[in-house]
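Worksheet: one structure, shown below.
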Amino acid sequence: MSVRFASRDHAFDGYPWLAHHVHAWQSQALDPSADRFEPGDEVFMELDDEDATVLTEALASQLNREHEAQLAALRDDFRGPLRDGKSIAFTVAEPPGATPEQSAAMAGPALSDLCRALGCDEVAILPMTRRPILVQRNKASETAHETLQALGLKPDFDGAMIGAPDAIAPFVGPLFRIARCNASAPYIAFGMKGLAVAGAFCKHVNFHFDSYDRGDADRLSHALAGCGFAVPDDGICGERFSETGAIEGRRLDLNP
């Protein structure tokens, strides 16, 4: 029983609802029209600039072209037709554990139990954009990086990890550490084979599930508690390990 490392297109072919989920997220989050530069805008061109630069029409156009190219490099070119449909239910699922470390460690086995309860025999995990999960490194995530690389994840790999739930389980804890501590790393998405369910790893050490079928949504809802997950009554995801909401060890890389 092993995990295979596959291309993003291969994962999307086998997980149509994961493809739909990633496409919907990219369409909204990586839309260049949502954040455009205009002549007259004041912009700090370099981090150490003392004064902002007032954009001319030519400079605004140049920055827009560069921005569009950057976003295009992160978006996928989906080869086949995508599933149609909106998320029927959004569910926040908190793995057991009194600390973020305990919760991350227990998340993999809990996900395996959940897959068994739902009759899912395979899981795919990949970055939400065409950017490696291990793109950022800091002191708080050193052990996670080392563990994931020992499991076969290469620092420059932006594809998918696909395998049986028990084989995927050892990846889950370190991936939560990346999601929690590396603010410049891409969001981490996952799909469940045979289910109209996809989601993401959250920095609060929670799974976010989006269900695209009413039957699967109901089955997921009924299975979570029996597999050790807590579901917030208000459906809101928040920091459950800190009274202030601060996340210890979380860093942003300003020069990714």
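The values are calculated or read from the model by the stated rules, or taken from the named source; none is laboratory data. Please read all numbers here as calculations on a predicted model, not as lab measurements. Backbone-built Cβ (ideal geometry, glycine too); neighbour counts: all protein chains shown. Accessible surface is based on the protein model in full, side chains and every heavy atom, while ligands, DNA and RNA are left aside. Shrake-Rupley method; radii C 1.70, N 1.55, O 1.52, S 1.80 Å.
Table for the structure above
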{"item": "Convex hull per residue volume in Å³, alpha carbons only, for the range 31-74", "result": "71"}
{"item": "Burial order of peptide ranges 14-23, 231-240 (average beta-carbon count within 10 Å, highest first)", "result": "14-23, 231-240"}
{"item": "Portion, in percent, of the accessible area of the range 31-74 that falls on carbon or sulfur, probe 1.4 Å", "result": "47"}
{"item": "Extreme residue, positive dipole direction of the chain, given options 129, 223, 47 (C-beta unit charges)", "result": "223"}
{"item": "Helix axis angle, 214-224 relative to the chain longest principal axis, alpha carbon, degrees", "result": "70"}
{"item": "log₁₀ of I(q)/I(0) at q = 0.11, 0.13, 0.17 Å⁻¹ - the chain, Debye sum with one point per alpha carbon", "result": "-0.64, -0.86, -1.34"}
{"item": "Kirkwood hydrodynamic radius of the range 81-232, from inverse mean 1/r over distinct Cα pairs, in Å", "result": "15.5"}
{"item": "Set of aspartates and glutamates with alpha-carbon distance to residue 86 below 12 Å, sequence-local pairs under 8 removed", "result": "210, 213"}
{"item": "In the range 1-93, GluC sites (Glu not before Pro) in a DSSP loop with at most 12 other beta-carbon atoms within 10 Å", "result": "46, 50"}
{"item": "Overall Cα dimensions of the range 53-94 - principal axes, largest extent first, Å", "result": "46, 31, 17"}
{"item": "Reachable lysines, given that their alpha-carbon falls under 24 Å from the alpha-carbon of residue 139 and they are not under 8 places away in the same chain", "result": "154, 203"}
{"item": "Free-standing Cys residues across the chain, given no other cysteine C-beta under 4.7 angstrom", "result": "181, 202, 227, 237"}
{"item": "In Hz, Karplus ³J(HN,Hα) per residue of the range 13-23 (6.51, -1.76, 1.60; θ = phi - 60°; x = Gly, Pro)", "result": "4, x, 10, x, 6, 5, 4, 4, 5, 5, 4"}
{"item": "The range 45-123: trypsin sites (Lys or Arg not before Pro) in DSSP coil with no more than 15 other Cβ atoms inside 10 Å", "result": "79, 83, 86"}
{"item": "Cα long-axis angle, helix 100-118 against the chain (0 to 90 degrees, to the nearest 10)", "result": "60"}
